[in-house]
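J.: The structure is given below, and queries will be raised subsequently.
The values are calculated or read from the model by the stated rules, or taken from the named source; none is laboratory data. This is a predicted model, so every value here is computed, not measured. Quick reminder, even Gly has a Cβ in these numbers, built from the backbone with ideal geometry, and neighbours come from all protein chains shown. Heads up: the accessible areas ignore ligands, DNA and RNA and are worked out on the full protein's heavy atoms, side chains in. Shrake-Rupley method; radii C 1.70, N 1.55, O 1.52, S 1.80 Å.
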Amino acid sequence: MFDTFTSQSIPILFFYKNSDKMTRKRKILLIYTGGTIGMVKDYKTNTLKAFDFSQILDKIPELNQLDCQIRSVSFENPIDSSNMNTRYYVQIAEIIENNYDDFDGFVVLTGSDTMSYTSSTISFMLEHLKKPVIFTGSQLPIGYLRTDAKENLITSIEIASAYKDDKPIVSEVCLYFEYKLYRANRTTKLSAEQFEAFASMNYPPLAESGVHLNFHDDLLVSPTGNSQLIVRKNLCSDIVVLKLFPGISLTFVSSVLNTKNLKGVILETYGAGNAPDDSRFIKLLKATIEKGIHIVNVTQCAGGSVLLGHYETSSQLKKIGIIDAKDMTTESAVAKLMYLLGIGIQKEEFVMLYEQSLRGEMSNIK
Ligand code: ASP
């Protein structure tokens, strides 16, 4: 195992409920991990830091008006999402697993900086999910006058509690931000400034919030079968993202690819999956793949897809057996690599599963 940023153990506190009456209203579990939404200014250092959850809920008395029962759970020490790691992923997944039968939907509050990574990974960890899991947060803390937190939180709860004919309208892991609901594993954080911080370049929004909350039913995942929820908690972090740039040195590439215990590489290529065709570079990649290390080709472009063999500069990559991530985001490609490596499957099956859509994370591109 590589050394990773470790987390302390996180005791969990329950401390908010908007109603004591056991009615037949939908039950929503709000999971607070940290992020700007609950941050306060430290006037000594002039920085924003994670605070506790109670002040969030005090700031939104409107939650009492929602037609659902809300319970909440919080990390005892909320984090800035820059400190997110695989242990926290497991914590989030376990909270959902332990409360899965008792709640109709889940809203997870995290910082936006790594929200696409976290929500993508949770989408893979939760197999046979049949209930809504909505990630949200905000660009401004909830206590600020111009905050975007209220709308994001209130609408996320509405989405998580939206049922039709006793079935959830959404039954997948999503990310809601600034009036749009996205499939989480299709998103990327694009702006540190705009309230519209996220984009899903290769898949349209699943719902839009205006005067009405409009769901695009044809775009949503529809769960089939009666399989029970399975939560995969074994994630492999022995991976690296290697971003190409003109002038990248072979010595540097070689040293990265020869890292001890390396199991997988996300190779961020140009355009439609293109890379230098220098034979020394191709040889390095080939030798790495022959050692049993998976190399995945993901485009650096925010939109569009890898098209292996479309240009001469990607045909070599195809020949040496690079894995085709098609139109997946880097965030989702990292998540899928951690998840599939964690399951421990043979190479052929690994490649076959990686190159097909498991949770709607890639389009059907030939
Ligand atoms: N640094 C913050 C975080 O990701 C930013 C945010 O919440 O939007 O935790």
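J.: Please report, ordered by residue number, the strands (runs of 3 or more DSSP E) entirely within region 24-87 with at least 3 residues that are under 24 Å from Ser119 (Cα atoms) and more than 12 Å from the ligand (Cβ to nearest atom).
T.: 26-34, 68-79
J.: Hey, Leu153 hits all of (1) part of a helix (DSSP H, G or I); (2) of a type outside the set (Val, Ile, Thr); (3) away from the ligand (no atom under 16 Å from the Cβ) but one; which does it fall short on?
T.: Here Leu153 meets the rest and fails (3).
J.: May I ask you to say which residue of Leu317, Leu262, Leu284 is farther than 20 Å from Thr188 by Cβ, touching a residue at least 40 places away in the same chain (Cβ under 8 Å) and of a type in the set (A, V, I, L, M)?
T.: Residue meeting the stated conditions: Leu317.
J.: Here's a follow-up. Determine which single condition Asp102 fails, assuming it passes every other condition in (1) away from the ligand (no atom under 15 Å from the Cβ); (2) part of a loop (DSSP other than H, G, I, E, B); (3) more than 17 Å from Gln228 (Cβ to Cβ).
T.: The single condition Asp102 does not satisfy is (3).
J.: When you go through (1) among the aromatic types (Phe, Trp, Tyr); (2) more than 30 Å from Tyr100 (Cβ to Cβ); (3) part of a loop (DSSP other than H, G, I, E, B) one by one for Phe252, which number turns out not to apply?
T.: (3)
J.: Looking at Asp104, Asp3, Asp20 in this structure, which one is modelled with pLDDT under 90, more than 29 Å from Leu337 (Cα to Cα) and more than 18 Å from the chain's Cα centre (by Cα)?
T.: It is Asp20.
J.: Among the residues of region 326-352, how many are closer than 14 Å to Met362 by Cα and in contact with a Lys or Arg (Cβ under 8 Å, 6 or more places away or on another chain)?
T.: Count: 3.
J.: In region 308-326, which residue that is surrounded by 14 or more Cβ atoms within 10 Å (Cβ to Cβ) and touching a Gly at 6+ places or on another chain (Cβ under 6 Å) is farthest from Ser357 (Cα to Cα)?
T.: Across region 308-326, the extreme among qualifying residues is Ser314.
J.: How many residues are farther than 17 Å from Tyr203 by Cβ and either part of a loop (DSSP other than H, G, I, E, B) or touching a strand residue (DSSP E or B) at 6+ places or on another chain (Cβ under 8 Å) (or both) if we restrict to region 348-366?
T.: Number of matching residues: 5.
J.: Give, as residue ranges, the strands (runs of 3 or more DSSP E) completely inside region 169-221 that count at least 1 residues that are open to solvent by less than 30 Å² (accessible area, probe 1.4 Å) and farther than 23 Å from Gly304 by Cβ.
T.: Of the strands (runs of 3 or more DSSP E) lying wholly inside region 169-221, those with at least 1 residues that are open to solvent by less than 30 Å² (accessible area, probe 1.4 Å) and farther than 23 Å from Gly304 by Cβ span 173-177, 207-209.
J.: Just to be sure, is Ser138 within 15 Å of the ligand (Cβ to nearest atom), open to solvent by less than 30 Å² (accessible area, probe 1.4 Å), within 21 Å of Pro61 (Cα to Cα) and in a loop (DSSP other than H, G, I, E, B)?
T.: For Ser138, the condition - within 15 Å of the ligand (Cβ to nearest atom), open to solvent by less than 30 Å² (accessible area, probe 1.4 Å), within 21 Å of Pro61 (Cα to Cα) and in a loop (DSSP other than H, G, I, E, B) - is met.
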